[in-house]
Amino acid sequence: MDYILIGIGILFILGGIIGCVLPVLPGPPLSYIGLLLLHFTERYSFSTKFLFTWAIITVVVYALDFIIPAWGTKKFGGSKRGVWGSIIGLLLGLFVFPPIGIIIGPFLGAVAGELTAGKESGKALKAGFGSFLGFITGTLLKLISSGMMTWYFFETLFSG
């Protein structure tokens, strides 16, 4: 049973890392589930304090991922179309122009979203930059938290 939990845990950990870049998957929550699966084995365990701390970090990072892009867009004069454009641009960039599309796609999508909202090009660029900056900040937070959970998972697995 432990091998099954470890195997599924590895899948969740990897899915968590992928989910940090793909907005379809919730990266940090998947990584946290991977930690829990390792914890539920007979051979490996984490302290209650450790699991509680990472649960809080996961919830905070997950919530901030929704707040930061909207805040960045709003701070730079953008709209919801800019945020949605950023997400669509990421997906198109990911599948059509990988790997550089992951970086350029959200910016171009946000600008396109603002232009369809009737904004002037200068304001659309500014709002697009804000949306892009918020998206990148949220993505980095997710990558850091999921990356650390991944490290703890494998460090415990190989040292335990």
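Quick check: is even one residue across the range 91-109 small (Gly, Ala, Ser), more than 30 Å from GLY9 (Cα to Cα) and touching a residue at least 24 places away in the same chain (Cβ under 8 Å)? Scanning the range 91-109 turns up at least one residue that is small (Gly, Ala, Ser), more than 30 Å from GLY9 (Cα to Cα) and touching a residue at least 24 places away in the same chain (Cβ under 8 Å). Here LEU37 fulfils each of the conditions (1) in contact with a Ser or Thr (Cβ under 9 Å, 6 or more places away or on another chain); (2) surrounded by 15 or more Cβ atoms within 10 Å (Cβ to Cβ) apart from (1).
How many residues are among the β-branched types (Val, Ile, Thr), closer than 30 Å to PRO106 by Cα and in a helix (DSSP H, G or I) if we restrict to the range 11-49?
Number satisfying all stated conditions: 5.
Would you check if there is a residue in the range 70-81 being of a type in the set (Val, Ile, Thr), modelled with pLDDT of 85 or more and touching a helix residue (DSSP H, G or I) at 6+ places or on another chain (Cβ under 6 Å)? The answer is no; no qualifying residue exists.
Conditions tested, residue by residue: (1) crowded, with 18+ Cβ neighbours inside 10 Å; (2) of a type in the set (Val, Ile, Thr); (3) on the phi > 0 side of the Ramachandran plot.
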site	(1), (2), (3)
ILE87	yes, yes, no
LEU90	yes, no, no
GLY101	yes, no, no
LEU108	yes, no, no
GLY113	yes, no, no
THR116	no, yes, no
GLY122	no, no, no
PHE132	yes, no, no
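Among PHE66, PHE52, PHE107, PHE95, which is aromatic (Phe, Trp, Tyr), within 17 Å of GLY27 (Cβ to Cβ) and assigned to a helix (DSSP H, G or I)? Matching residue, one of PHE66, PHE52, PHE107, PHE95: PHE66.
Taken over the range 6-34, the criterion of being of a type in the set (Phe, Trp, Tyr) and either in contact with a strand residue (DSSP E or B) (Cβ under 7 Å, 6 or more places away or on another chain) or surrounded by fewer than 24 Cβ atoms within 10 Å (Cβ to Cβ) (or both) is satisfied by PHE12 alone.
The values are calculated or read from the model by the stated rules, or taken from the named source; none is laboratory data. Since this is a predicted model, take the numbers as computed values, not measurements. Quick reminder, even Gly has a Cβ in these numbers, built from the backbone with ideal geometry, and neighbours come from all protein chains shown.
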